[in-house]
Amino acid sequence: MTSPPGRHRYRPSRDAVKAVSIFAGVIGFASASYGFIQAFGWLRGVLLLLTAAAIVATASAWLFSGPTMKSKPTRGGATFAGLSVVIAIASVAAFVLTHTNDTQRLMEEWDGKFAKDVLNCGHGVEASVPVEGLKPEVIGPDGTPIAQIHLRQYSKRECPPAVWAWVPWDGDPDVMLPVPQGWTIHVVIRRDKTSTRLDEMESNSGQAVQYPISKILIATPEAGCVAVDVFFTNDAGTAPPTPTATTGCVTAD
């Protein structure tokens, strides 16, 4: 029996569908390769690609060798699917372990140093660049703004992905002022994900000083974002601390 006129639908041949699928897969794999390697480097990028390829291969094996009206799953297809799963799990495990170890190593090596003490990275203003964002005003003991928080990061890609703070008086790094008499300024840099908190303090010495500086913390998505709080405490304990100026939580670019 023939179908009524006007109800025929075009159905591409199986070979055409396969050709289009292969072409799309090659383009997608090339794009993913470039993106993953750019974002994660060669080692982790390749591991991610292997994982993605294994997942796709597993899904394809089940789709093309699974039970249908006309075919039954083959032993070879099942073996291939199982092998793909093993590769996927191994690749993900290797990626996670390698990434975690790299992050841990960075934190152990660089957390708590001053930016200037990182060899070949921290000499001179040109060695760092500002982190984009607001520059919160620091309120002094007299209730008026006395400084600003400026977040910084290294300008060289080969340097640690760290963040730290300058707190220039009046927002100008060239200005020198004494810490208010009887008070101590606290520049606290923290990474809440790892419960890390470093408090760099400076008390009044009777001399004008350059802007206070925090120590550095690694600031990556894996380690956790970094924020800075600045406030004054009264040395004699006869007055409460000043309001805390705080930045947003940021990661190094």
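The values are calculated or read from the model by the stated rules, or taken from the named source; none is laboratory data. Because the structure is predicted, anything quoted here is derived from the model rather than measured. Cβ placement follows ideal geometry from the backbone for every residue including glycine, while neighbour counts extend to all protein chains displayed. Accessible surface areas use protein heavy atoms only, side chains included; no ligands, DNA or RNA. Shrake-Rupley method; radii C 1.70, N 1.55, O 1.52, S 1.80 Å.
If the condition is being open to solvent by 60 Å² or more (accessible area, probe 1.4 Å) and either under 17 Å from the mean Cα position of the chain (by Cα) or not charged (D, E, K, R) (or both), then region 185-202 contributes ASP192, LYS193, SER195, MET201. Looking across region 226-239, just one residue is open to solvent by 50 Å² or more (accessible area, probe 1.4 Å) and touching a strand residue (DSSP E or B) at 6+ places or on another chain (Cβ under 8 Å), and that is ASP235. Note on region 155-176: residues that are under 20 Å from LEU198 (Cβ atoms) and open to solvent by 20 Å² or more (accessible area, probe 1.4 Å) amount to 2. Within region 236-253, the set of residues being hydrophobic (A, V, I, L, M, F, W, C), within 14 Å of GLY224 (Cβ to Cβ) and part of a loop (DSSP other than H, G, I, E, B) comprises CYS249, ALA252. Would you call GLY182 over 16 Å from the mean Cα position of the chain (by Cα) and open to solvent by less than 30 Å² (accessible area, probe 1.4 Å)? So GLY182 passes the test.
Could you pull out the residue among PRO145, PRO161, PRO141, PRO136 that is more than 30 Å from ALA239 (Cα to Cα) and at pLDDT 95 or above? Only one candidate qualifies: PRO161. On the stretch given as region 148-158, residues that are basic (Lys, Arg) and at pLDDT 95 or above total 1. Among the residues making up region 134-181, a single one is aromatic (Phe, Trp, Tyr) and over 23 Å from PRO243 (Cα atoms): TYR154.
Here region 203-223 is the region considered, the condition is being within 28 Å of the chain's Cα centre (by Cα) and either among the aliphatic types (A, V, I, L, M) or over 27 Å from TRP110 (Cα atoms) (or both), and the residue that is surrounded by the fewest Cβ atoms within 10 Å (Cβ to Cβ) is ILE213. With respect to ASP199, determine if the residue is closer than 19 Å to GLU132 by Cβ and among the charged types (D, E, K, R). Answer is no for this residue.
Scanning region 130-154 for residues that are among the charged types (D, E, K, R) and open to solvent by less than 30 Å² (accessible area, probe 1.4 Å) yields a single hit, ARG152.
Taking residues in region 120-147 that are on the phi > 0 side of the Ramachandran plot, and partners anywhere that are among the hydroxyl-bearing types (Ser, Thr, Tyr) and open to solvent by less than 60 Å² (accessible area, probe 1.4 Å), the pairs with Cβ atoms closer than 7 Å and at least 6 places apart or on different chains are GLY133/THR247. Screening LYS116 against (1) surrounded by fewer than 13 Cβ atoms within 10 Å (Cβ to Cβ); (2) without any contact (Cβ under 8 Å) to a residue 12 or more places away in the chain leaves a single unmet condition, (1).
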